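K.L.:
Before anything else, here's the structure in question.
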Amino acid sequence: MKILHSEPAKDGFSMPAEFSRHYGCIMIWPYRRDSWQYGAYNARKAFAEVAGIISKSEKVIVCARYEDYDNARFMLPDNVRVIEMESNDSWARDVAPTFVSNGSSVRGIDWGFNAWGGLVDGLYFPWDKDNKIARKICDMLDVDSYDKRDFILEGGSIHTDGNGTIITTEECLLSKGRNPNMTKTEIESELKKSLGAEKIIWLKSGIYNDETNGHIDNICAFTGIGEVVLAWTDDRSDPQYEISKSCLDILELSTDAKGRKIRVHKLPLPKPVCISQSECDGLDDMDGKPTRVPGERLAASYVNFYVSNGSVVCPMFGDDNDGKAIEILSELFPQKEVVGVYARDILIGGGNIHCITQQIPYFE
Ligand code: KQY
């Protein structure tokens, strides 16, 4: 594997859409006792279910720590590959490489990772093991990797149509804990050079109370060229209403990189999901402080789905809107099976199915 210091776009590489064909998917086995209840007992079941569904139509590679390898191997289906790798937590979307392709070969981008805000408002310290994962995965896959460690970015903060357009949020990419010395124009230029994009659509904020500083992958996602889903509520008394309305206004006035208008499909949110006292009891403190407080609203959204070669794997919350979300996504992805996974135990960690997966585009 070579470590490259050139620019993907100049080399003819760009980020394909998640809905294009995959080689496979990377995941990381959960273990942190302050992220996941009871040493990730329930979370592991949900991760295994997600891996099993995805593995029906593409390769799934799960990274597990030395001490968790046997448990991962035991709990995951036989057709899922388990490799040993150190990590600080389990968010493959954010710590695995963002892959770019030139149509026949694939390379990885190794962004800097600082646990969603470093010493400003990061969620844990240290993050050194996570920051090494992208390069190790490129090595394991035998693909070259771009050294972008000077630029802090997580995969969950960008979505692409694979046709020159990126969507992101100002709340996240302009946050003080990421690249405080760069202007919005400089950040935009870095995204274009790295992802082979021509146009960045900036939404203001992500889902209410999302501890990642509003990752795009929880509020808005491309479902096709010129088509997005947007997390939506009609409840004007919910702080989420103004956030989603602002996204809608921006999207309706935007065109994509090729000048096409964007069709926005509203994906209803579940009713607010709040963590209970007994769920908090299952979480260890971090540096003597609780990571969650009872009643805290979690960043629940159906937009945090993963699109595999054969399925769309969507979080379910035991809410009246679970069925509606499946119905809408089934219409938008008629060639795929939309499968719901009860994901409260993933949500408690602070993200969801999209956040624990990272696609590898198809290559020979
Ligand atoms: O949503 C994500 N991409 C990651 C969430 C991290 C939460 C850490 N507690």
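K.L.:
Compute the accessible area per residue over the chain, keeping the other protein chains in place, probe 1.4 Å, unit Å².
P.N.:
Numbers: 14410 Å² over 364 residues.
Ligands and nucleic acids excluded, the result is 40 Å² per residue.
K.L.:
Could you work out the local net charge near residue 316, counting Lys and Arg as +1, Asp and Glu as -1, over the other residues with Cβ closer than 10 Å to its Cβ?
P.N.:
Working: positive: 344; negative: 319, 322.
Every neighbour counted, the sum reads -1.
K.L.:
Express the relative contact order of segment 221-356 as a whole percentage, based on alpha carbon pairs under 8 Å and six or more residues apart in sequence.
P.N.:
Values: 211 pairs, mean separation 27.8, N = 136.
Over segment 221-356, the number comes to 20 percent.
K.L.:
Give me the tail of P(r) for segment 3-361 as a percent: Cα-Cα pairs with distance above 32 Å.
P.N.:
Numbers: 15046 of 64261 pairs.
Here the long-distance tail beyond 32 Å is 23 percent of all Cα pairs in segment 3-361.
K.L.:
Could you check which residue among 28, 348, 262 shows the biggest mean-square fluctuation in a GNM of the chain with a 10 Å Cα cutoff?
P.N.:
With Cα springs under 10 Å in the chain, the top fluctuation among 28, 348, 262 is at 262.
K.L.:
May I ask you to evaluate 6.51 cos²θ - 1.76 cosθ + 1.60, the Karplus curve with θ = phi - 60°, for each residue of segment 17-29 and list the ³J(HN,Hα) values in order in whole Hz, giving x for glycine and proline?
P.N.:
Result, ordered by residue: 5, 5, 7, 8, 5, 10, 7, x, 9, 9, 9, 10, 6 Hz.
K.L.:
Which parts of segment 61-87 would a label at residue 129 reach, counting a residue when its backbone N lies under 13 Å from a point 7 Å out along Cα-to-Cβ?
P.N.:
63-69, 84-87
K.L.:
Determine the relative contact order of the chain: mean sequence separation of Cα pairs under 8 Å and six or more apart, normalised by residue count, in whole percent.
P.N.:
Details: 841 pairs, mean separation 82.0, N = 364.
The value is 23 percent.
K.L.:
Related question: Quote the relative contact order of segment 137-294 in percent (integer), defining contacts as alpha-carbon pairs under 8 Å separated by 6+ residues. List each step's numbers first, then the result.
P.N.:
On the way: 223 pairs, mean separation 30.3, N = 158.
Computed over segment 137-294, the figure is 19 percent.
K.L.:
Hey, another quick one. If a helix is a whole DSSP H run, which ones in the chain reach 15 Å or further along their own axis (Cα) and hold a mean Kyte-Doolittle hydropathy of at least 0.0?
P.N.:
Details: long enough: 41-54 (21 Å, 0.44); 130-141 (17 Å, -0.32); 184-195 (16 Å, -1.03); 239-253 (22 Å, 0.03); 322-332 (16 Å, 0.25).
Span-like helices here: 41-54, 239-253, 322-332.
K.L.:
Report the extension gain between residue 296 and residue 73 in nm, rounded to one decimal, defined as 0.36 nm multiplied by the number of residues separating them, less their alpha carbon distance. Could the numbers behind the result be given before it?
P.N.:
Details: separation 223, 0.36 × 223 = 80.28 nm, distance 3.38 nm.
Length gained, residue 296 through residue 73: 76.9 nm.
K.L.:
Taking every pair of alpha-carbon atoms in segment 85-179, what share in percent sits in each 5 Å bin, from 0 to the bin with the longest distance?
P.N.:
Taking all Cα pairs of segment 85-179, the binned fractions are 3, 14, 22, 25, 19, 11, 5, 1, 0 percent.
K.L.:
What is the Cα radius of gyration of segment 252-322 over 2.2 N^0.38 Å, N being its residue count? Could you put the intermediate results ahead of the total?
P.N.:
Values: Rg = 17.9 Å, N = 71, 2.2 N^0.38 = 11.1 Å.
Expressed relative to 2.2 N^0.38 Å, the Cα Rg reads 1.61.
K.L.:
Points 7 angstrom from Cα along the Cβ direction at residue 263 and residue 102: gap in nanometres?
P.N.:
Here the answer is 3.5 nm between the modelled labels.
K.L.:
Quick check: net charge around residue 291, other residues with Cβ under 11 Å of its Cβ, Lys/Arg +1 and Asp/Glu -1?
P.N.:
-2
K.L.:
Ok, one more. In whole percent, and with a 1.4 Å probe on the protein chains, what portion of the accessible area of the chain is carbon and sulfur?
P.N.:
Values: 6860 of 14410 Å².
Reported share for carbon and sulfur atoms: 48 percent.
K.L.:
Just report the Cα centroid separation between segment 198-271 and segment 79-143, whole Å.
P.N.:
Spelled out, the Cα-based centre of one part sits 26 Å from the other.
K.L.:
With θ taken as phi - 60° and the coefficients 6.51, -1.76 and 1.60, list the Karplus ³J(HN,Hα) couplings across segment 262-276 in order, rounded to whole Hz; mark glycine and proline as x.
P.N.:
9, 8, 9, 9, 6, 10, x, 7, x, 4, x, 9, 10, 6, 8
K.L.:
Within 14 Å, Cβ to Cβ, of residue 277, how many net charges do the neighbouring residues add up to if Lys/Arg are +1 and Asp/Glu are -1?
P.N.:
Working: positive: 292; negative: 279, 281, 296.
Taking every Cβ under 14 Å from that of residue 277, the sum is -2.
K.L.:
What would the Debye equation give as log₁₀ I(q)/I(0) for segment 18-164 at q = 0.11, 0.16, 0.20 Å⁻¹, counting only Cα atoms as equal point scatterers?
P.N.:
Taking Cα atoms of segment 18-164 as identical point scatterers yields -0.42, -0.91, -1.37.
K.L.:
Need the full-extension length gain, residue 7 to residue 139, defined as separation in residues times 0.36 nm minus the C-alpha distance. One decimal, nm.
P.N.:
Stretched out fully, the residue 7 to residue 139 stretch lengthens by 45.6 nm.
The values are calculated or read from the model by the stated rules, or taken from the named source; none is laboratory data. If you're wondering where the values come from, they're calculated on a predicted model, not measured in any experiment. In this analysis, Cβ positions are derived from the backbone assuming ideal geometry, glycine residues included, and neighbour counts consider all displayed protein chains. Heavy atoms of the whole protein, side chains included, go into the accessibility calculation; ligands, DNA and RNA do not. Shrake-Rupley method; radii C 1.70, N 1.55, O 1.52, S 1.80 Å.
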